[in-house]
Each structure stands twice: as structure tokens, then as C-alpha cells.
Amino acid sequence: MPRTLFDKVWDRHVVTPETAETPGVLYIDLHLVHEVTSPQAFTEIEARGLPVRRPDRTYATLDHSTPTLPAGPDGKRPYATAQAENQVHTLEENCARHGIRLAGWGSEDRGVVHVMGPELGLTQPGMTVVCGDSHTATHGAFGALAFGIGTSEVGHVLATQCLLQRKAKAMRVTVTGRLNPGVSGKDVALAVIAAIGFGGGTGYVIEYAGEAVRSLDMEGRMTLCNMSIEAGARAGMIAPDQTTIDWLRGRKNVPADYEAAAAEWLTLVTDAGAEFDKEVVLDGAAIRPMATWGTTPDAGAPVGAPVPQPSSDSDRKAIAYMGFTAGEATTSEAVDVVFIGSCTNGRLPDLRAAADVLRGRQVKPGVRMLVVPGSEAVRRDAEAEGLDQVFIAAGAEWRLPGCSMCIAMNGDFVQPGQLAVSTSNRNFEGRQGKGARTILASPATAAASAIAGVLTDPTAYLREAADA
Amino acid sequence: MSEPFKTLTSRTLTLSQANIDTDQIIPARFLTTTTREGLGKAAFYDWRYEADGSPKPEAILNRIDPTEQRILLAGKNFACGSSREHAPWALLDYGFRAVISTEIADIFTSNALKNGFLPIVVDQAVWDDLAAHPEQPVTIDLEAGEVRRGNAPPVPFKVESFARQCLLNGVDTLGWLQTHMPAIEAFERAHEPETAA
Ligand code: SF4
């Protein structure tokens, strides 16, 4: 029977099949860990006297609670609270006690968990990857089955390297045609979520296909898969191809016989005739730079489009929270903060896209712009190319890697009432700080908005940059 | 391991807004804890408290008795967003024991069931009926798999069969998973002969 990519990856990890009464036991190849969702899981397995079963399949980083400003002259890091510092120390101790590799402070590998995994070649096609974090879907860009789990399940994987699972339904999202210049993976993601709806993917694993998806680089594919959860889907996947194989070649943890592994990875495609429970098709050529107008990620529209008339109380409440008016474009609202970073858009091509817009220009006075690389590797590469200097010269802050303003738990946050254009993934009320108002957009759109001081389509700036 | 859940009778509290995300249920700045306990005070924190920490008198969640309204009747796509298990921990510690909605996010459902917090999906007509009778106690009967209200016809609901057994009998999920260890070891021997001991 023809099988989907999801079927193929699922099938090869079934330890015990599911029955009507019981879920299946699914083997996990790679377990990524960070400081926020793991402490209670370690406490749980230790209380039961259980060891970490496969420390060699477990890899930890520090990202969420970590300051993005450097340590002071006394060597002390500027943690937001003593509790945040304690949480970081707790992970350091747990990793030391259980022999888990940790990309901690001082490690050249440290980064936001979903930036770091692929970068180190830990994430590979055909794998099952989990993390106590809903944006684990990011790793699906490599043809892995990757999804977020809760802390109890973190404990299950630590103790058994397995999870109890029932198989999800399969949805295919095909984005046809060619993307226009200035349209990035982020714009595709926001267009897809707007099309499916915020909960439209609940219960599904999404496979992204089509010419427009194929044309994305690995970073663009990661951005797209990253936001699958914003449509309610636990996982998003893209079949591996030459782009995938070229991107992973030479990375730290890939198989020794790389070409043999790569040949096998290329078999991980949906067979002709395989059936999906749901199919969605979008015209990629029709996608324009996107931005959100509400407080859910599906409230997206092309930059410059009017805020729609509310169709529900929830919409009305969202528009009121954002301080917008139905029928008016959001491109005249003064922007206070621009954030470039996160596991959605904190990779090198994201920073390049922002720098291309900003080069030789200035952030509008009064706008605070924060650029936070997704990992130490991204920071090194960006600095080697001089991107940090472009940002600093434009008037932006250049920070150390971390989640930062994406989740606003490390001391970097948007003040109450301020309007932010952010390359992160959630525009929920208060996500970027209590009372913060968030517009989600691509790095190029965010950079253009920093210059203009209002939400701005980056296309004109990019054209000028290309002409120069 | 959570307490068994058999039946619960309580009045409901309606929060009709759609898409109540996990950042509303417990804002991220409360996630720096390293324990599960005491998160009830952070539940819906920004809905309940002013910036200076004083309670908002108009907030419904500050006006109810959580021991009397233990069932949340929430708008569509409840608990979307993050995988934080702190969300069910906070709801339980605040006093809720179940949520009824027309759509509930996947990861939250899985987290909630592992903690003895029951997520129930009903259709819109049933939801509207429950919302129209906030004064009347509702009984959630997990054994029978139905929600009952007064003389209204009982409404069946589904919970994943294994999670249901775990809730009814207080089964320890991790302990049950561990009984599969021989199969897990065999799987590893078959798939990674080079690393198998
Ligand atoms: S960058 Fe944001 S979405 Fe990504 S892992 Fe960190 S907090 Fe989560």
C-alpha cells in the first residue's frame, strides 16, 4: 500500500503497535532538553530510582531563562530573577548527574533548542525527535517526525526512550507555484495558518509539499515547520531532498558513512497514490509579505491590508486589545519595538534578510530594535560577515543567543501597551510581556518596519538594495 | 501519579472566549519554577491581577469559589499554544478538575489526562445548553462516559481508552510503559546492533 512520509517514519519506530484499548509504544531517536520543562521530569524519575536510559540520545541546552546580555565584570550573569538562575543551575546539575551532554554557558554549540539540534546534525531525516517544547515541529523540515511533549512525557522518554502514542491523522499542505521576491518561509507559514485556521490542524501531522516549499532553503523550511503548532498540528514534515542532504553534510553528528545515509534518506518521500485525511492547496505566487492584526497567529493578512470586520466576539476582543480599528490598515500605527530572533527566525539567512534591508539605513528614533541570534554558531557566522555591525550601525541592539523576547521570561520584554513587530511565532496577549501588543512578520518586514517606524512591506527596500 | 477520577459534580464557570492559549492560563514568567506545586496563584494571572499585583475586582476568576465551580466551560480551541504542563498543574491547583469545550488542543489534552484533569469535547449545541444553565450543577461521569445536567438527556463524551482506564483506576502511566522494557530492548538490538550491549 502506498505510504506517506509520516507513515514511513512512524512505522519504523513502532516498538509495540497500538490497539483499541492501548496506545502504541513509539521509540524516540533524539530527545532535546531545556531548562524550563525538564526539572520536574528529572525529579520524577529520580524519585523512582530510575536512571536516564539513553543519555547518548539526549542533548540539552540553555535558552529560555537565559539573559542575552553578557556577564558583568564580576562574572555574574544578569538573570531576570534568582528563580531563573536556579532553573539554569538545576539543568546543569541534572545533566552532570545523568551524563547528558549540555550545550551550556561557554559552549560554542549553545543555542535555542530548535536552532541548535539541526545545526549540530543531531536532527536527521527519518528520526523521531521530541522535546518539552511545542515548536519541536521545526525539525520536521528534515523529514523527521518531531513534536512537542509535556513534562510527564519528558520523564517517560528519559526513563524509557519511548512514548505512549496514538497515530495522528495526516494532512498535506501543497503550496504551488513560485514565491515572489521578498516573500519568505515566514510569509508562507502565516499564509498557511491563515488558510487552515488556528485550530485547523488539531489532530493532524502536516506534510508540506509543492514547488514553493521545495524552493525554500532549509532555514525557510524550518520556519514553516516551526509554526505548524500555530495551526494546532503537533508536527510538520517536509520530505528530504538534495537541499536537505547538502545542508547537513559535514555537520558534527551526522553518520560516518554520509553518502550511504543520504541515499537512504532520499527514499523518505510520500509514495504516489498515498492518501491523506485532508488536503489543502495554496497558490504560492499569490502570497505577499504577511503580518498579523490580532492575537492569534491565524489572524494574518498581507501587509497593508485593512483589519477585517470582526466575525466573532473573540475577533472583536483581539482587535480591541491590539488597539486597531476594523477596516483600517495597521501600517499607520507607530511601532515601539522590533524583535528579530527566535527558533522561527533567528538563523543566519534571517539575519541576512534583515541586514539587507537595514544596510546603510537607520532605525527610526524612538523604536527599540533587538536582534538576537538563535545560537552561538549563528552569532559567530553573522559576526564573521559583519552583520552585527550593520545592526549596530543602524541603531539596533545585538545580543547573545537565547529565546529572549519570543517568550519574555529572561528579562527581555515589551512594555505594557507597546506595539512590537516580531519575527517570533506567537502574538498571544502578553506573550512578549504583560500588555504587549505583537505583530508577527518576517525578518525583512520587521527590519523595514524598524526603519519606517510603522509596519512596512519590505519589497521596496529590497529592490533598492538590489539596484544599489 | 494522579488521583483516580470517577465522577465529578459541580457548577461550571464559563469563559466563552475562543483560543484561550497557554500564555493566558499561565504566563511564561511563572515558568521558572522547578516544582509542580503552588501554581494556582499564577493561573490566569494577567486576567486576575493588575500590573502592581493588586487583584482586579471585576475579574470573574477572583469572584468565584473554586471549590464550587470546578468545571471550566471554555470557548473553542482551548489551551492552544505551548506544551507547558504547567497549564494543567495551574488549573488543578487553582481548583478546576475538568474543562468542557468544543475543541481542545492536542498537547494540552495529553498533559491534562496525565494529571487527572479531564478535557471533554462536546458539540456546539451541548456547549450552548451548558452555558445557558450556569446555576445548575453538572455531573461528569467518566465510568459511563457522559455529562449530565438536571433532567436534560445525558450527553456522551469520549476519552482515549487507555487514558480513561488510567484515570478511573489511578494507573501509573510511566510504570505501565516500563512493563514494555523487554520489547524496547529488543527494538534497540534490532535497530542499532552496533551499540547494543
Ligand atoms: S524561541 Fe520562542 S518558540 Fe522557540 S523555543 Fe524559545 S520560547 Fe519557544
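The values are calculated or read from the model by the stated rules, or taken from the named source; none is laboratory data. All values reported here derive from a predicted model rather than from experimental measurement. Glycine gets a Cβ as well: all are built from the backbone with ideal geometry, and neighbour counts include every protein chain shown. Accessible surface areas use protein heavy atoms only, side chains included; no ligands, DNA or RNA. Shrake-Rupley method; radii C 1.70, N 1.55, O 1.52, S 1.80 Å.
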Limited to region A:434-447, what total is found for residues that are surrounded by 24 or more Cβ atoms within 10 Å (Cβ to Cβ) and more than 22 Å from residue A:192 (Cβ to Cβ)?
-> 3
Test residue A:51 against the stated conditions and say whether it is within 18 Å of residue A:147 (Cα to Cα), more than 24 Å from the chain's Cα centre (by Cα) and away from the ligand (no atom under 16 Å from the Cβ).
-> no
Return yes when residue A:339 is over 25 Å from the mean Cα position of the chain (by Cα), away from every other protein chain (no Cβ under 14 Å), closer than 19 Å to residue A:452 by Cβ and not in a helix (DSSP H, G or I) and no when it is not.
-> no
Enumerate the pairs (first residue in region A:223-247 and within 14 Å of chain B (Cβ to nearest Cβ); second residue anywhere and of a type in the set (Asp, Glu)) with beta-carbon separation below 6 Å, excluding pairs fewer than 6 apart on the same chain, so at least 6 apart or on different chains.
-> A:234/B:106
Counting residues that are under 14 Å from the mean Cα position of the chain (by Cα), which helices (runs of 4 or more DSSP H) fully inside region A:190-249 reach at least 2?
-> A:218-226
Find all pairs meeting these conditions: Cβ atoms under 7 angstrom apart; at least six residues apart or on different chains; first residue within region B:138-149 and touching a residue at least 12 places away in the same chain (Cβ under 8 Å); second residue aromatic (Phe, Trp, Tyr) and not in a strand (DSSP E or B).
-> B:142/B:5; B:145/B:157; B:147/B:157
Is one or more of the residues making up region A:398-406 aliphatic (A, V, I, L, M), part of a loop (DSSP other than H, G, I, E, B) and on the phi < 0 side of the Ramachandran plot?
-> yes
Pairing a residue in region A:172-186 that is more than 18 Å from residue A:446 (Cβ to Cβ) and in contact (Cβ under 8 Å) with a residue 60 or more places away in the chain with any residue that is of a type in the set (Ser, Thr, Tyr) and buried (at least 24 other Cβ atoms within 10 Å of the Cβ), where Cβ atoms lie under 9 Å and the two sit 6 or more apart in sequence or on different chains, gives A:172/A:208; A:173/A:208; A:174/A:208; A:175/A:208
Criterion (part of a loop (DSSP other than H, G, I, E, B) and within 14 Å of chain B (Cβ to nearest Cβ)) met by exactly one of A:308, A:297 | A:297
Here the qualifying pairs (Cβ atoms under 8 Å; residues six or more apart or on different chains; first in region A:341-360 and β-branched (Val, Ile, Thr); second outside any helix (DSSP H, G or I) and within 16 Å of the ligand (Cβ to nearest atom)) come out as A:344/A:423; A:344/A:424; A:344/A:425
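Condition first: more than 12 Å from chain B (Cβ to nearest Cβ) and crowded, with 24+ Cβ neighbours inside 10 Å. Now tell me which residues in region A:383-403 satisfy that.
Across region A:383-403, the qualifying residues are A:387, A:390, A:391, A:396, A:401, A:402.
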Before we move on, is residue B:143 part of a helix (DSSP H, G or I) and either open to solvent by 50 Å² or more (accessible area, probe 1.4 Å) or facing chain A (nearest Cβ under 10 Å) (or both)?
-> no
For region A:137-157, enumerate the residues that are within 9 Å of chain B (Cβ to nearest Cβ), part of a helix (DSSP H, G or I) and either under 18 Å from residue A:266 (Cβ atoms) or in contact with a strand residue (DSSP E or B) (Cβ under 8 Å, 6 or more places away or on another chain) (or both).
-> A:153, A:154, A:156
The listed residue being more than 12 Å from the ligand (Cβ to nearest atom) and within 12 Å of chain B (Cβ to nearest Cβ), out of A:443, A:416 | A:416
Hey, among A:318, A:355, A:329, which residue is modelled with pLDDT under 95 and more than 16 Å from the ligand (Cβ to nearest atom)?
-> A:329
Residues of region A:288-301 being in contact with a Leu (Cβ under 7 Å, 6 or more places away or on another chain), of a type in the set (A, V, I, L, M) and open to solvent by less than 10 Å² (accessible area, probe 1.4 Å), in sequence order, are A:291
Residues (in a loop (DSSP other than H, G, I, E, B) and more than 19 Å from the chain's Cα centre (by Cα)) located in region B:146-176 = B:150, B:151, B:152, B:153, B:154
Matching option when the condition is open to solvent by 10 Å² or more (accessible area, probe 1.4 Å) and more than 16 Å from the ligand (Cβ to nearest atom), among A:203, A:126, A:143 | A:203
What are the residues in region B:64-94 that are open to solvent by 10 Å² or more (accessible area, probe 1.4 Å) and more than 9 Å from every other protein chain (Cβ to nearest Cβ), if any?
-> B:64, B:65, B:66, B:67, B:68, B:69, B:70, B:92, B:93, B:94
Could you figure out which of (1) touching a strand residue (DSSP E or B) at 6+ places or on another chain (Cβ under 7 Å); (2) open to solvent by 30 Å² or more (accessible area, probe 1.4 Å) isn't true of residue B:10?
-> (2)
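On the given criteria, is residue B:51 within 11 Å of chain A (Cβ to nearest Cβ) and open to solvent by 10 Å² or more (accessible area, probe 1.4 Å)?
yes
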